[in-house]
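Right, one structure below, let's go through it.
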Amino acid sequence: MSKRQPSTISVRTGIETDSTWGAVVPPIYLSTNYSFSGYDHKGPFDYSRSANPTRSLLAEALAELEGGAGAVITNTGMAAIHLVCSLLGPGDILVAPHDCYGGSYRLFEALSGKGAFETIFVDQNDEQALSDALSRSPKLVWLETPSNPLMRLVDIANIAKQVKEQNALLAVDNTFMSPVLQQPFEFGADIVVHSATKYINGHSDVVIGAVIAKTTELHEKLAWWANCQGQTGSAFDSYLTLRGLRTLVPRMRTHQENAQIVAEFLEGHSGIKKVYYPGLESHPQHELAKSQQKGFGAMLSFELDADEQGLINFIERLKFFCLAESLGGVESLIAHPATMTHAGMSAAAQLEAGITPQLLRVSVGLEDSDDLVSDLKQALDGVAS
């Protein structure tokens with residue numbers, strides 16, 4: 001049989017594998033421990049921190065979707081990022097984007113402050129700055145493309161080539177795109193990370209993460225550290241995430257359709273200073289997005305042409321956009337990065353990353369696009385009045 005397509009992988013993983021009762025959907029295994037068949041005869045599962053049948057199915061699906069050798073399911077997205085950091089030690093260097101997700105920035109900065117490793121934050125679209133950072137022989141380079149929240153892209157293949165010349169590992173946070181819209185292994189990545197809380201689960205009811213490795217050797221290393229540090233996800237969360245994964249492809253299709261409509265509306269409105277969305281031809285990396293992504297995703301941000309009170313009025317008038325952190329659920333969300341998702345960054349770091357007080361980030365959901373546009377229009381009209 002030829003290679004399975006993403007929609008088939010998402011839907012069929014685990015289906016009809018129950019050998020006990022023939023359940024079509026695989027059951028959830030909540031057992032903490034599993035019996036040995038005899039002295040020194042351990043089966044595939046012994047203790048659920050180490051391995052669990054339900055979690056293994058989710059890992060299998062994500063590894064196949066990304067084209068990797070294996071996946072580790074972690075209890076949160078931040079645990080997934082921390083797990084990758086376990087590959088580093090004192091004296092090692094991590095090169096990370098200066099405009100990455102605030103939680104990632106905080107973790108890298110905090111671990112560096114403890115001497116766990118050294119972090120160099122750099123504008124990865126500044127070729128000279130990136131070259132200077134890579135010349136210091138890092139052990140790991142971290143990419144986030146598109147970036148959170150300004151939707152900046154980096155050329156994965158180009159950076160991967162430079163990273164390999166330094167014998168370093170390349171990790172890509174693929175949360176915004178999901179495996180459906182971007183597969184970093186195709187462009188030279190060694191590790192792919194997801195906050196699976198987001199699009200992979202898709203229903204805002206689970207907190208979970210995933211780390212997928214390109215090689216078996218790297219996967220075994222990551223799995224060892226995850227077991228050692230107790231970072232593995234629960235069976236119940238894995239079960240719910242596998243349920244969410246089954247509709248990932250059609251969800252992403254509608255998410256994107258809605259996001260394009262919303263982005264075009266915002267770009268044409270006089271109350272908006274700037275819209276950040278790779279699906280717009282005005283986005284400076286629109287062509288790069290088309291070359292390494294299979295779509296433009298459903299995350300966008302924009303700068304409101306208003307003072308703080310105007311921004312507050314706009315948010316309070318919205319009916320179909322929840323003021324909340326996270327993203328990737330069926331419902332539309334709006335966030336103020338400076339005071340929410342990136343509050344862990346200093347004011348100076350926010351400014352350097354381009355995060356202004358007028359910036360708002362939107363996760364476009366699956367509501368009717370006409371309703372979403374009408375809601376934004378009435379909220380913007382209220383600011384202007």
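As a quick test, which of the pairs LYS161/LYS214; LYS319/LYS377; LYS164/LYS290; LYS139/LYS161; LYS274/LYS294; LYS273/LYS377 have an alpha carbon distance above 20 angstrom in this structure?
LYS164/LYS290; LYS274/LYS294
Multiplying the sequence separation of SER291 and LEU323 by 0.36 nm and subtracting their Cα-Cα distance, what value in nm do you get?
8.2 nm
As I understand it, the dipole of the chain uses +1 on the Cβ of Lys and Arg and -1 on the Cβ of Asp and Glu, about the Cα centre. Which of ALA79, ILE212, THR20 lies farthest toward its positive end?
Of the candidates, THR20 comes out farthest on the positive side.
Taking the Cα centre of the chain as the origin and placing charges on Cβ (Lys, Arg +1; Asp, Glu -1), which of VAL11, GLY268, PRO184 is farthest toward the positive end of the dipole?
VAL11
Could you check which residue among VAL25, VAL364, VAL180 shows the biggest mean-square fluctuation in a GNM of the chain with a 10 Å Cα cutoff?
Sorting by GNM fluctuation, first place goes to VAL25.
Helix 248-267 against the longest principal axis of the chain: what's the angle in degrees, Cα atoms only, rounded to the nearest 10?
Around 20 degrees separate the two axes.
Tell me the net charge near ILE272. Cut-off is 13 Å between Cβ atoms, ILE272 excluded, with +1 for each Lys or Arg and -1 for each Asp or Glu.
Once all neighbours under 13 Å are counted, the net charge is -2.
Counting only DSSP beta bridges with both residues in region 63-209, what percent are antiparallel, rounded to the nearest 5?
5
Taking 2.2 N^0.38 Å as the expected size of a compact globular protein, what ratio does the Cα radius of gyration of the chain give against it, to two decimals?
Dividing the Cα radius of gyration by 2.2 N^0.38 Å gives 1.00.
When the helix-only estimate is applied to the chain (DSSP H runs of n ≥ 4, each -39,500 (n - 2.57), divided by the residue count), what is the mean residue ellipticity at 222 nm, nearest 500 deg cm²/dmol?
-11500 deg cm²/dmol
Would you order THR32, THR13, THR175 from fewest to most other beta-carbon atoms within 10 Å of each residue's own beta-carbon?
Fewest-to-most Cβ neighbours within 10 Å comes out as THR32, THR13, THR175.
I want to check the label-to-label distance for ILE312 and LYS164. Put each point 7 Å from Cα in the C-beta direction and report it in nm to one decimal.
Inter-label distance under the simple model: 5.4 nm.
Based on other C-beta atoms within 10 Å, arrange THR241, THR356 from fewest to most.
Final ranking by Cβ density, sparse to dense: THR356, THR241.
With N denoting the number of residues in region 249-384, provide Rg(C-alpha) divided by 2.2 N^0.38 Å, to two decimal places.
Relative to the rule-of-thumb radius for its length, region 249-384 sits at 1.01.
Of ILE200, ILE212, ILE355, which is the most mobile in a GNM of the chain whose springs link Cα atoms less than 10 angstrom apart?
Ranking ILE200, ILE212, ILE355 by mean-square fluctuation puts ILE355 first.
Given ALA59, SER238, ASN33, which one lies farthest toward the positive end of the charge dipole of region 6-245, if we put +1 on the Cβ of every Lys and Arg and -1 on the Cβ of every Asp and Glu?
Value computed over the given set: ASN33.
Using R₀ = 41 Å, calculate the FRET efficiency as 1/(1 + (r/R₀)^6) where r is the Cβ-Cβ separation of SER137 and THR216; round to 0.05.
E(calc), rounded to 0.05, equals 0.95.
Give me the dipole magnitude in Debye, nearest 20, for the chain about the Cα centre, with unit charges on the beta carbon: positive for Lys and Arg, negative for Asp and Glu.
960
Give me the extension gain from VAL25 to GLU186: residue separation times 0.36 nm, minus the current Cα-Cα distance, reported in nm with one decimal.
Value of the extension gain: 54.9 nm.
Given an 8 Å cut-off on Cα distances and at least 6 residues of separation, report the relative contact order of the chain as a percent.
Across the chain, relative contact order equals 18 percent.
Along Cα→Cβ, 7 Å out, is where each label goes; now give me the distance between the ones at MET340 and ALA129 in nm to one decimal.
2.6
Taking only Cα atoms, what is the 0 to 90° angle, nearest 10, from helix 235-245's long axis to the longest principal axis of the chain?
For 235-245 against the chain, the angle is about 50 degrees.
Readers should treat all values here as calculations from the given coordinates under stated rules, not as data from a laboratory. Because the structure is predicted, anything quoted here is derived from the model rather than measured. With ideal geometry, Cβ positions are generated from the backbone for all residues, glycine too; neighbour counts draw on all protein chains shown.
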